[in-house]
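Structure first, commentary second.
Computed from the coordinates by the stated procedures, all read-outs in this text should not be read as laboratory data. As the structure is a computational prediction, the values presented were derived from the model and not from experiment. Backbone-built Cβ (ideal geometry, glycine too); neighbour counts: all protein chains shown.
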Amino acid sequence: MTACLICGAPINPFLSFGKMPIANGFLLPENFNKEFFFDLQVGHCQKCQMVQLTELVDPGMLFHENYAYFSSISVRMARHFKQFADYVQDYYLPKKNPFVVEIGSNDGIMLQNFMQAGIRHLGIEPSTNVANAAIAKGVNTVVRFFSEETGEALRKEFGAADVILGANVICHLPNIHSVLQGIKALLKDEGLFIFEEPYLGDIVQKISYDQIYDEHVFYFSLNSLSWLFNEHDMEIVDVLPQNVHGGSMRYAVGRKGVWPVKPAVHEHLAEEKALGLGEADTYERLRQAIHRSKEQLVYLLTEIKGQGHRLVGYGATSKSTTVTNFCGIGPDLIEFISDTTPGKQGKYSPGVHIPVLPYERFKENYPNYALLFAWNHGEEIMDKEEDFRAWGGKWVVYVPQVTVI
Ligand code: SAH
Ligand code: TYD
């Protein structure tokens with residue numbers, strides 16, 4: 001049995017997806033026969049409550065000079081991170097010479113706001129290509145993996161941070177204990193670590209199993225994070241649900257006893273209890289619901305195709321790699337996946353090898369149905385694609401339910 005990465009207790013695997021490729025590993029045909037696969041399985045630790053992967057992929061294989069995900073592809077996310085930066089500035093930054101650090105700053109989508117406000121900032125980003133995009137905008141960035149060692153080195157070089165930020169990155173870090181030591185080394189005594197990640201409560205309620213893939217090592221709840229921070233003499237002092245990436249939670253964390261704990265923390269802990277996030281039964285029900293969702297989706301797509309309709313995918317997301325491989329959805333069902341990221345275009349989707357084509361191909365010859373892999377950007381996309389609907393095109397979504405819109 002696998003040991004929990006947080007507390008070392010044996011974990012209870014509740015769902016196996018079988019062999020999976022690298023979720024962001026879009027590839028060319030000459031690399032098909034070299035493609036890497038691993039066992040994607042997720043488990044729940046009864047002791048510290050952390051939901052996590054049972055087999056890990058080496059981070060060096062995931063985050064590198066050809067990392068496929070550029071945060072700034074979404075206009076809505078750029079707006080979201082502007083609001084996040086404003087919130088930090090309004091509530092948590094001292095007026096005098098503040099210093100903000102972000103872990104996993106990608107192409108500078110969040111830090112650019114601090115840069116524009118003339119605030120001292122530093123991003124830590126190991127994927128060279130996205131880090132270079134940030135540097136080109138003038139966002140101070142070091143190309144490095146964050147860890148205890150990095151935190152200590154940065155403190156010596158740049159001084160202590162008032163606030164350390166993270167978004168959609170902390171759940172990626174298997175060396176999370178070392179990361180928290182690094183955060184403590186770099187953060188002022190009265191500083192705050194503020195981060196937001198996809199929320200386990202949303203995954204359970206929306207059956208959004210496509211959040212489960214190699215990069216997402218952990219599926220955080222307030223309960224499991226409280227256990228983790230307690231180990232490091234830190235505590236969660238505020239929580240704020242966020243309506244992005246299919247449902248996220250923002251956490252503000254300080255050294256124990258420094259900041260008052262807001263009532264929202266207790267309220268959300270009670271909600272998690274009511275939702276049964278600490279109970280093995282919940283995960284068994286989730287497993288069953290995921291298998292039902294898979295059957296319904298495959299049935300619907302097969303019907304659509306059987307009626308002679310054209311069907312394409314919209315958004316070559318990492319999430320789509322889980323869905324296509326787990327459900328066995330390949331180029332026989334999906335003609336191509338439309339995506340706006342230049343680095344993905346002309347390549348093939350991981351594992352099932354559906355061609356990824358530029359968005360213009362979708363625009364110039366609408367299919368009858370589009371399977372919305374980027375469902376978390378649904379509002380932005382549906383607004384943008386009014387013409388597709390007006391033309392008679394239909395959306396297929398599968399979160400929270402398999403439906404045609
Ligand atoms: N914060 C951005 C990017 C999230 S993607 C957003 O919310 O859109 C996760 C990012 O974390 C990637 O850019 C990846 O290269 C980076 N990353 C992965 N491991 C890291 C580590 N150990 N330290 C810092 N960044 C890391
Ligand atoms: P996202 O859902 O943010 O990421 P992931 O599952 O990888 O974490 O991915 C967005 C993807 O969808 C990205 O490859 C770009 C694509 N996309 C479009 O093609 N058009 C759009 O309008 C948007 C918002 C995204």
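Evaluated at 37 °C with a viscosity of 0.692 mPa s, what Stokes-Einstein diffusion coefficient in µm²/s does region 41-121 have when Rh comes from the Kirkwood expression over alpha-carbon pairs? Translational diffusion coefficient: 211 µm²/s. Rounded to the nearest Hz, the phi-derived 3J(HN,Hα) couplings of region 317-322 under the Karplus curve 6.51 cos²θ - 1.76 cosθ + 1.60 (θ = phi - 60°) are 7, 4, 4, 5, 5, 5, where x marks glycine and proline. For region 82-113 versus region 215-278, the spacing of their alpha-carbon centroids is 20 Å. Taking 4.7 Å between C-beta atoms as the pairing limit, the chain has these partnerless cysteines: Cys171, Cys327. At the listed q of 0.19 Å⁻¹, the Debye profile of region 132-187, built from one uniform point per Cα, gives log10 I(q)/I(0) equal to -0.72.
Considering the options Ala185, Val101, Asn140, tell which one lies farthest towards the positive end of the dipole of region 77-201, charges being +1 on Lys and Arg and -1 on Asp and Glu at the Cβ, about the Cα centre. With unit charges placed on the Cβ atoms, the residue in question is Asn140. Modelled label positions at Glu152 and Arg76, each set 7 Å beyond Cα in the direction of Cβ, lie 4.3 nm from each other.
With the simple spin-label model, which puts each label point 7 Å out from Cα in the Cβ direction, the Ala390 to Gln205 separation comes to 3.5 nm. Take every DSSP beta bridge whose two residues both sit in the chain; close to 50 percent of them are antiparallel. Over region 157-227, the fraction of Cα-Cα pairs per 5 Å bin, rounded to whole percents and listed from the shortest bin up, is 3, 14, 23, 24, 16, 9, 7, 3, 1. Geometric descriptor of the chain, per residue, is 138 Å³ (volume of the convex hull of the Cα atoms). Neighbours of Phe70, meaning other residues whose beta-carbon lies under 13 angstrom from its beta-carbon, give a summed charge of -1 when Lys and Arg score +1 and Asp and Glu score -1.
I'm a student and want to see the number: the projected area of the Cα convex hull of region 77-187, averaged over all directions, in nm². Computed as one quarter of the Cα hull surface, the answer is 6.4 nm². Modelled spin labels at Glu30 and Lys47, positioned 7 Å past Cα toward Cβ, are 4.9 nm from each other.
For region 219-365, what mean projected area does the convex hull of the alpha carbons give, in nm²? Provide the component values of the computation, followed by the final result.
Working: hull surface 48.1 nm².
Computed as one quarter of the Cα hull surface, the answer is 12.0 nm².
Could you pull out which residues in region 185-225 have an amide N less than 17 Å from a spot 7 Å beyond the Cα of Ala270, following the Cα-Cβ vector? It comes to 222-223, nothing else.
Once the Cα-Cα distance is subtracted from the 0.36 nm per residue extended length, the Lys19 to His291 segment shows a gain of 96.3 nm. Only Lys, Arg, Asp and Glu carry charge here, each on its Cβ (+1 for the first two, -1 for the last two); on that basis region 130-202 has a dipole of about 280 debye about its Cα centre.
If you average the sequence gap of Cα pairs under 8 Å that are 6 or more apart and divide by the length of the chain, what percent do you get for the contact order?
15
Report the rotationally averaged projected area of region 133-287 based on its alpha-carbon convex hull, in square nanometres.
The Cα convex hull of region 133-287, projected and averaged over all directions, gives 10.0 nm².
Residue by residue, region 23-37 carries 3J(HN,Hα) couplings of 4, 9, x, 5, 9, 9, x, 5, 9, 4, 7, 9, 5, 8, 10 Hz when phi is fed to the Karplus relation 6.51 cos²θ - 1.76 cosθ + 1.60 (θ = phi - 60°); x denotes Gly or Pro.
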